[in-house]
């Protein structure tokens with residue numbers, strides 16, 4: 001009796017733990033379902049699902065574009081040096097003057113070290129304002145302003161290419177198809193689609209820091225270093241099996257409580273013996289006895305006996321089901337037959353009424369001189385009607 005009571009208590013505690021786990025799993029599944037459809041970006045050819053939105057990913061590797069910037073810097077330096085060689089004679093003569101001729105012992109750099117281009121505001125502040133050398137340089141700036149302006153532009157271009165070379169890094173840009181459409185609408189409806197697409201691509205290249213290259217270099221740079229991946233956003237329905245690992249993490253308290261109740265139900269007796277006696281050996285021996293009893297039950301398990309028992313139970317259930325159906329048929333059979341006969345009689349009466357109406361219409365048409373053939377004879381007396389209905393009912397039955 002005590003063993004049965006303890007078994008029931010253990011079963012109740014384990015069942016309660018299973019209920020807690022089931023409620024936790026149901027709550028987590030409802031939360032996952034309530035989150036609705038999730039969205040993910042995949043390759044344009046990775047899935048056959050209908051895209052909700054398309055986008056382009058432009059990726060540029062710094063290792064690939066660095067040689068192009070180096071060549072552009074070398075071209076800029078060569079262009080600046082070639083323009084230095086075209087300096088006017090007066091400018092060349094003025095800049096080639098040695099520091100010894102200016103009676104300024106503080107100047108130790110030669111023209112080759114300082115370069116050809118000198119702005120008046122770039123001169124050292126320690127020179128006096130009434131220095132004749134500064135006045136001469138100012139006169140050169142006024143007389144050959146165009147040459148100095150061009151040199152200034154070339155030096156700025158060279159410094160920009162040097163700075164861009166130093167700032168080269170990996171670039172990644174993502175924009176949707178709506179951005180391309182917006183650019184086309186903003187650029188004007190009169191532009192051809194090809195030119196609009198080319199302008200947008202040039203705009204993207206400039207955004208990536210790859211603008212300013214000559215035509216051939218720009219095409220080669222885009223072909224070699226720019227990787228364009230087409231992606232699309234599709235609806236992703238969450239799968240419970242794939243997301244099941246998140247259940248213990250998101251429902252930690254309920255999951256831990258359910259497992260605790262289940263293990264408590266399983267190890268209730270050993271824990272009770274351990275607490276009651278204070279001897280762990282007693283609890284260990286009980287666990288060993290239970291394991292031995294379970295192994296003996298497994299070894300003595302007879303599959304043929306279980307199948308035979310299941311077959312007998314199935315036959316008993318089948319016999320009871322057939323008897324119940326036979327009793328229902330014996331009970332409702334006469335009622336159903338009576339209803340069927342009543343419906344047939346009503347259908348026969350309706351058929352007779354329709355024929356009677358048609359016969360009256362044919363008779364009226366004959367009295368007005370119609371040449372159509374006369375219908376079949378229609379009974380006039382109640383006795384004839386009764387006999388007609390009985391024959392029709394007999395035929396229907």
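Where a number appears in this text, it was derived from the coordinates with a stated rule and is not lab data. Because the structure is a prediction, the values reported are computed rather than measured. Ideal geometry is used to build each Cβ from the backbone, glycine not excepted, and the neighbour counts take in all protein chains shown.
Ranking 84, 240 by Cβ neighbours within 10 Å, fewest first, what do you get?
Working: 84 16, 240 12.
Starting with the residue having the fewest Cβ neighbours, the order is 240, 84.
Determine, for 290, 305, the number of other Cβ atoms within 10 Å of each Cβ, and report the residues in order from fewest to most.
Values: 290 14, 305 9.
The most exposed by this proxy come first: 305, 290.
So if R0 is 35 Å, what FRET efficiency would residue 206 and residue 85 give, r being the distance between their Cβ atoms, rounded to the nearest 0.05?
Working: r = 32 Å, r/R0 = 0.92.
The calculated FRET efficiency here is 0.60.
Between residue 256 and residue 317, residue separation times 0.36 nm minus the direct Cα-Cα distance comes to 17.8 nm. Taking the fewest neighbouring Cβ atoms within 10 Å as the starting point, the ordered list for 205, 303 is 303, 205.
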